[in-house]
Structures are given as structure tokens and as C-alpha cells.
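K.L.:
Below are the C-alpha cells for one structure; questions will follow.
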Amino acid sequence: MFLSVYSLPPLHILSETLISEDFCMTLKTNFYRFLFISILGTLLHFTYEWSHNNAVVGLFSAVNESAWEHLKLLFFPMFFLTLIELFFFRQTLPQNFLKARVTGIFLGMALTIGVFYILLGVIGKSIDFLNIVLYFVAVFFALWVENKQYKTFPEETLKASSMAFSILLIFTLFFFIFTFWSPDIGLFWEVTRV
């Protein structure tokens, strides 16, 4: 059966449904989140070099061209945004904020690794333009997953929030340790070595 214009709701009802205040606020909030994460992540790609290889800056920035170091460009901006939102907007955040955020972060990083190595395997080399596009897609995907979690699992216990925050702290520690003492496996190799 084909859709006809007569089976669609009137345009003013459709526009009121799509452009409700909650929808605009969510869209606006996520737009600002996307900008914050994207800009900070882009800057973190260069800050280690700009700081003349400062070790403290290197904890949060990509210190080489390995896939692992580039995960920092998604992880730390989202982690910093999490801290900012918890500090300033705690009362307005959804109950399952931390669990949703952590899920978004890790699925965004998983997408980055998966697609990066698929592209590397298919093309045979790393192409900067595709890596940049992949970064922005991963940021968008992480926020999309986070927002899906708000609707799918709206309840969250203190235990789940504590566990989610603990996971963020553990991964922060992994990033710090592996920045300077990385295992000799492909994920930690510079792209030129792959």
C-alpha cells in the first residue's frame, strides 16, 4: 500500500510534534555537546606537540599516532563534559545519566577501533581524511547511543551510577599508564608500523 499525502497528518500537527520544546532542548543540548567534544578532541590531537612533549599534557593528549592514543580524543572530552555537567547541571540530568554516558563513550570508542581497522585492512593504509571523518562520526554515534539509553533504561540506582563512574576512573588510569608504558600489540603501535 502506497502512502499518499492524504494519509499523513496535517503539516502543523507534524511540525508541532517534531519541534516540541523538549525536542529542541535535547537537540540544542546535544549540538553543544557535539561541538564541545569535537573541538576539545581536535585540540587534544595537537596539545602534546604544542606543549613540547609535556608529560602531564601527554596524559590527556595523543602522544603518538596509535589507535589507542586517538581514543583519548573521544574519551577525555566526554569525561570532562561529564564532570562539567555533573557539577553544574546535576539537578536537570536524567536519572541514568552516568550509565548512558559511559555506554556512549565506550561504544563510540569501539566504533572508532572497529572502523579504523576495517578501513586499514581494506585500503591498506591510514588516510587522514577518513580518520577525521571517523572521529566526528564516533562523537555523533556516542551521543546518539547515550540519548537512546535515556529512553530505553530510564531508571538508575546509586550502585549503577557508582559503577559507571568507577569505570570512567579505571579507564582514565589505563590511559595514563599506557601513555608511557604501552604493551607491544597492534592497538598501541603507531599507524606507520602497522
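We did not get these values from a lab; they are worked out from the coordinates using the rules stated. Note that this is a predicted model, so its numbers are computed, not measured. As a convention, Cβ positions derive from the backbone with ideal geometry for all residues, glycine included, and neighbour counts pool all protein chains shown.
K.L.:
Relative contact order of segment 59-130, please, whole-number percent, based on alpha carbon pairs below 8 angstrom and at least 6 residues apart. Working shown, then result.
P.N.:
On the way: 26 pairs, mean separation 18.7, N = 72.
Relative contact order of segment 59-130: 26 percent.
K.L.:
Within 10 Å, count the other beta carbons around each residue, average over each peptide in 102-109, 36-43, and list them highest first.
P.N.:
102-109, 36-43
K.L.:
Just to verify a number: FRET efficiency for Thr26 and Ile170, C-beta to C-beta distance, R0 = 35 Å, to 0.05?
P.N.:
Efficiency, rounded to the nearest 0.05: 0.75.
K.L.:
Then there's this: Under 5 Å between amide H atoms, partner at least 5 residues away or on a different chain: which partners does Ser66 have, H built in plane at 1.01 Å?
P.N.:
Those qualifying (amide H under 5 Å, at least 5 residues apart or on another chain) are Val191.
K.L.:
Specify which residue in the list Val137, Met109, Phe87 is farthest towards the positive end of the charge dipole of segment 82-194, using unit charges on the beta carbon of Lys, Arg (+1) and Asp, Glu (-1), about the Cα centre.
P.N.:
So the residue we want is Phe87.
K.L.:
Suppose each label sits 7 Å from its Cα in the direction of the beta carbon; what would the Trp144-Ile177 distance come out to in nanometres?
P.N.:
3.4 nm
K.L.:
May I pose another question? Can you quote the Å³ per residue value for the convex hull of the Cα atoms in segment 58-126, rounded to an integer? List each step's numbers first, then the result.
P.N.:
Details: hull volume 5.4 nm³, N = 69.
Hull volume normalised by residue count: 79 Å³.
K.L.:
So, one more: Within 12 Å, Cβ to Cβ, of Tyr48, how many net charges do the neighbouring residues add up to if Lys/Arg are +1 and Asp/Glu are -1?
P.N.:
That sum, taken over residues with Cβ under 12 Å, equals -2.
K.L.:
Counting Lys and Arg as +1 and Asp and Glu as -1, what is the net charge of the other residues whose Cβ lies under 14 Å from the Cβ of Trp144?
P.N.:
Spelling it out: positives minus negatives among the neighbours equals +3.
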